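Presented below is the structure to which this report refers.
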Amino acid sequence: QVHLVESGGGLVQAGGSLRLSCAASGFMFSISTMRWYRQAPGKQREVVATITAGGTTNYADSVKGRFTVSRDNAEKTMYLQMNSLKPEDTGVYYCNTYIAANYWGQGTQVTVSS
C-alpha cells in the first residue's frame, strides 16, 4: 500500500533554513507527481510545491524564490529545501501523491519564530 513518511521539521528562527524529506513506498514513485502541502493553524491545507515525474516544478507564490522541491527516484524520496523562512511558513507540512485517490503522510511540524 502507499506509504509516505515526512521528516525534517523543527523549530527555526526567521531567516533560517530547513530541509524536509518524504520517503515513499508502495507505488511507482518514479512516474508519480508529488506535492508538498502545508496547513497553518486555523487555515485550510494549501499546496506549496509540486514536482512531476519529469522534474517540472511549480510553487505557491508565497514561497517562490525561497523553497526548492526535488526528488531522488533511486531513493524514492522527495525533498523540500526551505530557505529564508518566515513566521508565516509555520505549519504542518504534508507529502502527497494522487493515485486514484489522495494519499498523505502523517505530516511534520515546522515552526518559525520571529
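The values are calculated or read from the model by the stated rules, or taken from the named source; none is laboratory data. Note that the structure is predicted; figures quoted are calculated from it, not measured. Using ideal geometry, Cβ is built from the backbone for each residue, glycine included, and neighbour counts are taken over all protein chains shown. The accessibility values were calculated without ligands, DNA or RNA, using every heavy atom of the protein model including side chains. Shrake-Rupley method; radii C 1.70, N 1.55, O 1.52, S 1.80 Å.
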(message) Which residue is nearest to Lys86 (Cα to Cα), if the candidates are limited to segment 1-13 and must be open to solvent by 50 Å² or more (accessible area, probe 1.4 Å) and touching a strand residue (DSSP E or B) at 6+ places or on another chain (Cβ under 6 Å)?
(response) Gln13
(message) I'd like the residue in segment 30-56 that is outside any strand (DSSP E or B) and in contact (Cβ under 8 Å) with a residue 24 or more places away in the chain and, out of all such residues, is most open to solvent (accessible area, probe 1.4 Å).
(response) Lys43
(message) Quick check on my filter: what residues within segment 86-111 are open to solvent by 50 Å² or more (accessible area, probe 1.4 Å) and within 13 Å of Val5 (Cα to Cα)?
(response) Tyr103, Trp104, Gln106, Gln109
(request) Collect the residues in segment 66-100 that are outside any strand (DSSP E or B), within 19 Å of Met34 (Cα to Cα) and modelled with pLDDT of 95 or more, keeping them in residue-number order. (result) Arg66, Asn73, Ala74, Glu75, Lys76
(request) Identify, by number, the condition in (1) over 16 Å from Val110 (Cβ atoms); (2) in a loop (DSSP other than H, G, I, E, B) that Ser62 doesn't meet. (result) (1)
(message) Conditions first: (1) open to solvent by less than 50 Å² (accessible area, probe 1.4 Å); (2) in contact with a Pro (Cβ under 9 Å, 6 or more places away or on another chain). Ser114 passes all but one, so which condition is the exception?
(response) (1)
(message) Just the residues that are open to solvent by less than 60 Å² (accessible area, probe 1.4 Å), part of a strand (DSSP E or B) and more than 21 Å from Ala101 (Cβ to Cβ), please, taken from segment 14-24.
(response) Leu18, Leu20, Ser21
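Which residues, counting only those in segment 57-85, are open to solvent by less than 80 Å² (accessible area, probe 1.4 Å) and farther than 21 Å from Ile31 by Cβ?
Tyr59, Ala60, Ser62, Val63, Arg66, Phe67, Thr68, Gln81, Met82, Asn83, Ser84, Leu85
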(message) Which condition from (1) closer than 16 Å to Val2 by Cβ; (2) open to solvent by 30 Å² or more (accessible area, probe 1.4 Å); (3) over 11 Å from the mean Cα position of the chain (by Cα) is the one that Phe27 breaks?
(response) (2)
